[in-house]
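The structure appears below as structure tokens.
The values are calculated or read from the model by the stated rules, or taken from the named source; none is laboratory data. It should be emphasised that the depicted structure is a prediction, and the values quoted were computed from it without experimental measurement. Don't worry about glycine lacking a Cβ; one is built from the backbone with ideal geometry, like all the others, and counts go over all protein chains shown. Note: areas computed on protein heavy atoms with side chains; ligands, DNA, RNA excluded. Shrake-Rupley method; radii C 1.70, N 1.55, O 1.52, S 1.80 Å.
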Amino acid sequence: YSSAVQKFSQTLQSFQFDFIGDTLTDDEINIAESFKEFAELLQEVELERSMMVQNASDLLIKPLENFRKEQIGFTKERKKKFEKDGEKFYSMLDRHLHLSSKKKESQLQEADLQVDKERHNFFESSLEYVYQIQEVQESKKFSIVEPVLAFLHSLFTYNNLTVELTQDFLPYKQQLQLSLQNTRNHFSSTREELEDLKKRMKEAPLTCKLPGQPTIEGYLYTQEKWALGISWVKYYCQYEKEAKTLRMTPMDQKPGAKQGTLDLTLKSCVRRKTDSIDKRFCFDIETNERSGTITLQALSEANRRLWMEAMDGKEPIYHSPITKQEEMELNEVGFKFVRKCINAVETKGITTEGIYRTVGSNIQVQKLLNAFFDPKCPGDVDLQSGDWDIKTITSSLKFYLRNLSEPVMTYKLHKELVLAAKSENLDYRLGAIHALVYKLPDKNREMLELLIQHLVNICEHSRENLMSPSNMGVIFGPTLMRAQEDTVAAMMNIKFQNIVVEILIEHFGKIYSGPPEDTTAPPVPPPRVAARRHKPITISKRPLRERPVFFGASVEESGGQ
């Protein structure tokens with residue numbers, strides 16, 4: 001047992017968590033440091049020669065093994081399916097692109113349907129594989145830490161020689177559990193958004209891209225004219241719209257060939273008529289670096305449309321109609337709606353357990369919104385009547401805020417607010433958010449103050465409604481802030497949106513007492529140059545208690561061994 005504890009302590013000491021994203025939240029920092037804290041505690045337990053905990057296997061080993069077998073094993077299966085579907089799709093695609101446009105239309109249509117079917121299968125496999133990786137990486141933050149935490153708690157509880165250590169451990173355990181719960185809440189919030197994003201990507205898979213990356217990228221075939229005829233060469237192309245730069249990397253380069261990556265500047269782009277060339281899905285471009293036109297072949301009609309739209313091509317006749325839900329505005333009726341909702345909640349439901357977390361009926365929510373925003377008599381709804389329950393009112397308020405044409409905290413300031421929340425310096429974090437609040441348009445700042453004051457009032461009754469600033473941040477982070485583009489990268493910043501709202505609630509009095517003296521945010525401190533203001537919670541660095549005299553012998557014996 002002694003050998004096993006020592007080995008386990010060393011493993012925890014050296015274990016490193018991998019986190020997705022460029023910055024950790026304060027709670028994730030606590031989680032990342034927790035294993036080192038656990039290692040120090042185990043060493044103390046070993047020094048005191050504690051007894052073996054009988055249920056260590058149930059609390060620690062089995063959950064970790066189950067996580068490895070069920071979660072990671074399942075991910076490996078997803079990977080195999082992804083690789084298999086990918087090989088099948090690209091093999092069929094290569095065959096498909098060699099079809100002549102002179103074949104019968106029915107044959108071409110049948111071939112197109114087969115390719116579309118395989119593309120759909122491959123796209124769905126890739127989405128499921130990436131989503132499963134995301135699931136494992138995010139869930140292990142608490143799925144791995146919690147069994148260890150439970151094992152430690154059990155160890156101290158059942159070991160008579162560590163009663164005092166248990167008393168020291170309990171406050172740390174509670175703080176770490178809070179960090180775990182906050183991280184779990186962030187995970188749940190992000191997971192819901194990712195589920196929605198996955199559905200949207202399945203419906204329109206070719207329209208999603210990551211910010212900061214090329215406007216469009218993918219495979220294209222280029223017509224190469226030689227003395228003995230014409231050939232089609234496969235390139236991986238990356239186009240940046242703002243700079244009009246096209247990078248072409250050959251994929252089928254033969255040994256000994258000197259041709260490398262081409263960097264071109266686009267002059268024009270024109271769709272190629274079907275009857276003017278033997279190949280399908282073609283378009284012509286002109287560049288500054290090469291004379292004449294370059295003929296490119298896309299992978300499909302939809303793919304050609306995307307390339308042409310990105311390159312501002314002529315004859316852009318393929319436009320998919322975009323149906324968008326009617327947007328709500330931050331206007332006088334909107335302010336009246338928000339004030340009435342807040343008044344109703346604070347009058348008859350402020351102590352309701354799980355307020356804003358529990359969801360109302362969609363039918364009732366739509367009924368309330370349609371009645372209130374009726375153009376004929378806007379605002380003519382009495383929310384104090386018994387017709388509307390608290391869940392319907394709170395869900396309607398959240399729906400209104402989430403469906404504004406622009407979020408309350410604006411797209412323009414979104415990136416700066418997220419960067420402020422990521423800062424390691426707590427003083428800077430608060431100061432930057434304080435300054436950014438006063439960069440909001442007047443009506444946005446007024447609406448934000450109205451809402452945050454309401455959330456402060458809700459949190460003052462947290463003993464009854466069980467809603468803390470952290471809980472409210474999880475609910476209102478994606479409601480008051482959202483990125484302009486729906487991407488996986490944007491979803492990973494939701495936890496920092498939640499932190500912004502949490503800071504606004506906790507420091508409402510300071511922030512809304514007036515603008516900071518310097519209305520521009522202070523410069524971001526260089527990373528890790530100054531001491532980190534947020535220090536991870538710790539137990540191993542606490543002052544050691546004086547031990548009773550009768551422990552002396554065992555300590556000396558332990559030291560002698």
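What to note about this one:
- Here the condition is being of a type outside the set (D, E) and under 24 Å from the mean Cα position of the chain (by Cα); of L440, L450, L430, it holds for L430 alone.
- Test for L127: is it in contact with a Lys or Arg (Cβ under 8 Å, 6 or more places away or on another chain), surrounded by fewer than 19 Cβ atoms within 10 Å (Cβ to Cβ) and at pLDDT 85 or above: yes
- Residues of the stretch 425-440 that turn out to be open to solvent by 30 Å² or more (accessible area, probe 1.4 Å), of a type outside the set (D, E, K, R) and either over 21 Å from S470 (Cβ atoms) or not assigned by the TED database to the domain that holds M492 (or both), as a count: 1
- Flag not set for K422, criterion: open to solvent by 20 Å² or more (accessible area, probe 1.4 Å), closer than 23 Å to G514 by Cα, assigned by the TED database to the domain that holds Q366 and not aliphatic (A, V, I, L, M).
- Condition broken by E289, with the remaining ones in (1) assigned to a loop (DSSP other than H, G, I, E, B); (2) at pLDDT below 85; (3) not β-branched (V, I, T) satisfied: (2)
- When the helices (runs of 4 or more DSSP H) confined to the stretch 442-490 are screened for residues that are of a type in the set (K, R), assigned by the TED database to the domain that holds L404 and open to solvent by 20 Å² or more (accessible area, probe 1.4 Å), none reaches at least 3 such residues.
- Taken over the stretch 213-238, the criterion of being aliphatic (A, V, I, L, M) and under 20 Å from G313 (Cβ atoms) is satisfied by I216, L220.
- Residue that is nearest to W307 (Cα to Cα), among those in the stretch 215-235 that are assigned to a strand (DSSP E or B) and of a type in the set (S, T, N, Q): T222
- Breaking point among (1) within 28 Å of the chain's Cα centre (by Cα); (2) buried (at least 16 other Cβ atoms within 10 Å of the Cβ), for T358: (2)
- A search for C-beta distances below 9 Å between a residue of the stretch 292-303 that is at positive phi and any residue that is open to solvent by 10 Å² or more (accessible area, probe 1.4 Å) and in a strand (DSSP E or B), counting only pairs 6+ apart in sequence or on different chains, returns G292/E286.
- Test: residue in the stretch 82-92 that is under 23 Å from the mean Cα position of the chain (by Cα) and surrounded by 14 or more Cβ atoms within 10 Å (Cβ to Cβ): yes
- Taking residues in the stretch 103-130 that are without any contact (Cβ under 8 Å) to a residue 60 or more places away in the chain, and partners anywhere that are among the charged types (D, E, K, R) and open to solvent by 80 Å² or more (accessible area, probe 1.4 Å), the pairs with Cβ atoms closer than 7 Å and at least 6 places apart or on different chains are E118/K88; S125/K81; Y129/K79.
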